[in-house]
Amino acid sequence: MTTVLLPEFWPSIPLSLVMLAVVLREELRLTDDDLVFRTIFGTTRIPRAEIESARFDYHLVGGVYLEIHRRDGRVEKLRVSPKATSTELSGDPPAPDSAAYQITRWAADGRSTEAG
């Protein structure tokens, strides 16, 4: 048995796709004390004091991840892609406008504030 979508409902398809994209969007945010990564499945909070550095890494099977390296050696893998013009995936250091660079700098600034 085949179901056919009536032509009257066709205009609602793009609107539904836009609404779905809004609901499923991911958010990466830096607060004063935490890195917050929000997805439809939940929220990951990583305290600023625990972050050593961040970098993008490419995995053959899983795609691109933003790796957050913690001071205790653990690595959080967040499914965030770099900008399309990024050269980071070729092994170059992150540029100052990169999310990985900004997170690493933000974490280092937090450590220097705590020490001073």
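The values are calculated or read from the model by the stated rules, or taken from the named source; none is laboratory data. Note that the structure is predicted; figures quoted are calculated from it, not measured. Cβ coordinates were reconstructed from backbone atoms using ideal geometry, including for glycine residues, and neighbour counts include every protein chain displayed. Calculation scope for accessible area: heavy atoms of the full protein, side chains included, ligands and nucleic acids excluded. Shrake-Rupley method; radii C 1.70, N 1.55, O 1.52, S 1.80 Å.
Every residue, every condition in (1) aliphatic (A, V, I, L, M); (2) touching a Gly at 6+ places or on another chain (Cβ under 8 Å); (3) at pLDDT 80 or above, yes or no:
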{"site": "Thr43", "(1), (2), (3)": "no, no, yes"}
{"site": "Ile46", "(1), (2), (3)": "yes, no, yes"}
{"site": "Glu50", "(1), (2), (3)": "no, no, yes"}
{"site": "His59", "(1), (2), (3)": "no, no, no"}
{"site": "Val64", "(1), (2), (3)": "yes, no, yes"}
{"site": "His69", "(1), (2), (3)": "no, no, yes"}
{"site": "Pro82", "(1), (2), (3)": "no, no, no"}
{"site": "Pro94", "(1), (2), (3)": "no, no, no"}
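Tell me which residues, restricted to region 40-51, are in contact (Cβ under 8 Å) with a residue 24 or more places away in the chain, farther than 16 Å from Val75 by Cβ and not basic (Lys, Arg). Don't jump to the end; show me each part of the working.
Of region 40-51, the ones in contact (Cβ under 8 Å) with a residue 24 or more places away in the chain are 44, 46, 48-49, 51.
Keeping just the survivors that are farther than 16 Å from Val75 by Cβ gives 48-49.
Ala49, the sole residue that qualifies.
Any residue at all in region 37-60 that is touching a strand residue (DSSP E or B) at 6+ places or on another chain (Cβ under 8 Å), among the small types (Gly, Ala, Ser) and open to solvent by 70 Å² or more (accessible area, probe 1.4 Å)?
no
What is the residue count in region 31-78 for residues that are among the β-branched types (Val, Ile, Thr) and in a loop (DSSP other than H, G, I, E, B)? First the steps, then the outcome.
Keep residues of region 31-78 that are among the β-branched types (Val, Ile, Thr), which gives 31, 36, 39-40, 43-44, 46, 51, 61, 64, 68, 75.
Filter again for in a loop (DSSP other than H, G, I, E, B), leaving 31, 40, 61.
So the answer is 3.
Out of the residues in region 96-116 that are of a type in the set (Val, Ile, Thr) and modelled with pLDDT of 80 or more, state the one that is nearest to Asp33 (Cα to Cα).
Taking region 96-116 and keeping what is of a type in the set (Val, Ile, Thr), we get 103-104, 113.
Still in the list and also modelled with pLDDT of 80 or more: 103-104.
On the way: Ile103: 12, Thr104: 14 Å.
The qualifying residue nearest to Asp33 (Cα to Cα) is Ile103.
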